[in-house]
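**Student:** Dropping a structure here in structure tokens format, bear with me for questions.
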């Protein structure tokens with residue numbers, strides 16, 4: 001039986017009392033900021049250059065572009081997180097009922113004439129992309145639950161965030177990797193992404209002019225989704241097909257390697 005000293009009991013009681021005084025939002029903000037710090041460190045040009053055989057096109061400016069995409073679009077600062085959550089609440093309605101978007105599109109003769117039978121395929125791919133962004137925020141929510149379970153209070157250090165990650169189930173980690181890969185694979189198909197961007201622009205314009213009237217939240221959700229895809233489309237801009245593939249593989253390799261090293265160190 002382990003004996004717990006008086007000081008340890010006092011610290012434990014203090015931690016429990018402190019946790020009751022802090023809101024879930026404060027914990028979420030702390031986790032988001034801590035995880036963003038990990039991403040920021042992970043995508044520093046010097047770190048990547050020294051560890052991976054990167055093409056010349058994956059220069060410091062390009063690495064910065066990837067880092068900015070992850071930090072601004074996938075794991076935004078808490079100040080933008082509320083806006084993103086509101087957008088996803090609106091998008092969730094379309095994610096669970098994609099037929100609603102398709103019906104809006106087929107009501108527009110100009111859109112049907114331009115895209116025809118490709119509409120369901122394009123919207124399916126677009127919804128898949130939105131779902132990938134959504135899963136990224138779900139990953140942060142899982143870290144929040146681990147943070148609350150430890151009783152630790154924000155701000156969270158890099159070691160704190162890493163400890164929350166290693167406390168997750170392997171299934172959660174595998175899902176995170178697969179989701180990252182799925183998102184990048186979609187952005188890698190630049191012809192498809194450009195088509196999706198075009199059709200979402202037309203969809204937003206149609207909704208704004210519709211007599212049925214769509215709420216600002218419904219339209220705003222799609223506009224944020226459009227921004228995400230537009231920024232993501234720039235990741236592989238002006239690259240040869242060969243370099244696009246190499247950079248795609250490097251990014252996936254970075255995510256896999258970081259997590260593998262983290263769990264290995266924790267064994």
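The numbers here are math on the coordinates, done by the rules we state, and not lab data. Keep in mind that this is a model prediction, so the values were computed, not measured. Quick reminder, even Gly has a Cβ in these numbers, built from the backbone with ideal geometry, and neighbours come from all protein chains shown.
**Student:** Provide, in order from the shortest bin, the percent of all Cα-Cα pairs of segment 190-267 in each 10 Å bin, continuing until the bin that contains the maximum pair distance.
**Tutor:** Values per bin, smallest distances first: 15, 30, 23, 19, 10, 2, 0.
**Student:** Could you list the square roots of 5 times each eigenvalue of the Cα gyration tensor of segment 52-92, that is, the equivalent ellipsoid semi-axes, sorted largest first and rounded to whole Å?
**Tutor:** Working from the Cα gyration tensor, I get semi-axes of 30, 10, 6 Å.
**Student:** If you don't mind, there's one more thing I want to ask. For segment 116-220, what relative contact order do you get, as a whole percent, if you take Cα pairs closer than 8 Å and at least 6 residues apart?
**Tutor:** That works out to 34 percent.
**Student:** Can I ask one more? Give me the percent relative contact order of segment 32-76, please, defined on Cα pairs under 8 angstrom at least 6 residues apart.
**Tutor:** The value is 54 percent.
**Student:** Return the inverse of the average 1/r over all pairs of distinct C-alpha atoms in segment 136-267, which is the Kirkwood hydrodynamic radius, in Å to one decimal.
**Tutor:** 17.7 Å is the Kirkwood radius here.
**Student:** Further question on the same structure: Compute the relative contact order of segment 159-267 as a whole-number percentage, counting only Cα pairs closer than 8 Å that sit 6 or more residues apart in sequence.
**Tutor:** Taking the mean separation of contacting Cα pairs over the length of segment 159-267, I get 39 percent.
**Student:** Based only on the alpha carbon positions, what is the Kirkwood hydrodynamic radius of segment 133-199, in angstrom?
**Tutor:** After inverting the mean inverse Cα-Cα distance, the result is 13.8 Å.
**Student:** Beta carbons within 10 angstrom, averaged per residue: use that to sort the peptides 75-87, 217-229, highest first.
**Tutor:** Listed from highest to lowest mean packing, they are 217-229, 75-87.
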